[in-house]
Structure formats: structure tokens, C-alpha cells
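Coordinate-derived values only; no laboratory data. Every value quoted in this text rests on a predicted model; they were computed, and no experiment measured them. Every residue, glycine among them, receives a Cβ derived from its backbone with ideal geometry; neighbour counts consider all protein chains shown.
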Amino acid sequence: MTTKKLNIIPLADRVVIKPLVDEKSSKTASGIFIPDTVSKEKPEQGIVIAVGEGRTTNDGKIIPIKVNVGDTVLFAKYGPDEVKINGEEYYILSESGILAIIL
């Protein structure tokens, strides 16, 4: 997967994620295509595209984010904010909304 450079920098402990969409889920085993208008669950996996510098503590120290650009992550289903940048769909969420890094 190639990633384009985005003109967006997330603030604090926020992360920009490109959702992974399972292409096979839009086609049934018998070959019938299901249109996008049919209600689908939001994807819960994505690729980290950009990260903020980290969370600031009360005493001014910055706690760096533990995920890196390019990591594949599992995130909370209803946690992210959906945004469109250059016609592409991305999610922005706090690092606490990321459940795991997929190796």
C-alpha cells in the first residue's frame, strides 16, 4: 500500500488512520455484489498515517505516542471522528481509542 503525504498534523495524542476495507465483504460467496448503500459495520482496523507529538501531563511533560506511522492498528468501533481529506476517508482518534497494534 502506498501512502500519500497528507497536509494534516494531528494535535496532542491524536492519530490519523486510513481504514482498511475488506474488499471481499462487498461480494457474496455466490458472486452477488452488495451495494455500498446496504448498512455495513465500520471497519475496526487501519493503517496509521500521522501521529501527534503526544499527551501533555499537568506538569508540562510530553508522553510520546506508542504507535508509529505505518502501524496496522485495531481501534474502538465508535471512537473515531470521520473526516474526508482530498476525497479519501480517514479517522482521527485519540491514542486511548487504539486497542492494539497488529503485528
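The phi-based Karplus calculation (6.51 cos²θ - 1.76 cosθ + 1.60; θ = phi - 60°) puts the 3J(HN,Hα) values of region 88-98 at 9, 8, 9, 10, 10, 8, 6, 4, 5, x, 8 Hz, whole numbers, x for Gly and Pro. Sorting ASP71, ASP81, ASP59 by the number of Cβ atoms found within 10 Å of their own Cβ, with the fewest placed first, yields ASP59, ASP81, ASP71. Shown for VAL67, VAL21: other C-beta atoms within 10 Å of each C-beta, ranked fewest to most, produce the order VAL21, VAL67. Under 5 Å between amide hydrogens, built in the peptide plane, is the criterion, and for ASP13 it picks out GLY54 among residues at least 5 positions away or on other chains. Remark on ASP71: its backbone amide H falls under 5 Å from those of VAL48, a criterion applied only to residues 5 or more positions apart or on other chains, H modelled at 1.01 Å from N.
Computed from label points 7 Å out along Cα-Cβ, the spacing between ALA100 and ASN68 is 2.1 nm. Residues whose amide H falls under 5 Å from that of ILE85, counting only those 5 or more places apart or on a different chain, are TYR90, with hydrogens built in the peptide plane. For the pair LEU20 and THR56, a Förster radius of 41 Å applied to the C-beta separation gives a FRET efficiency near 0.85, rounded to the nearest 0.05.
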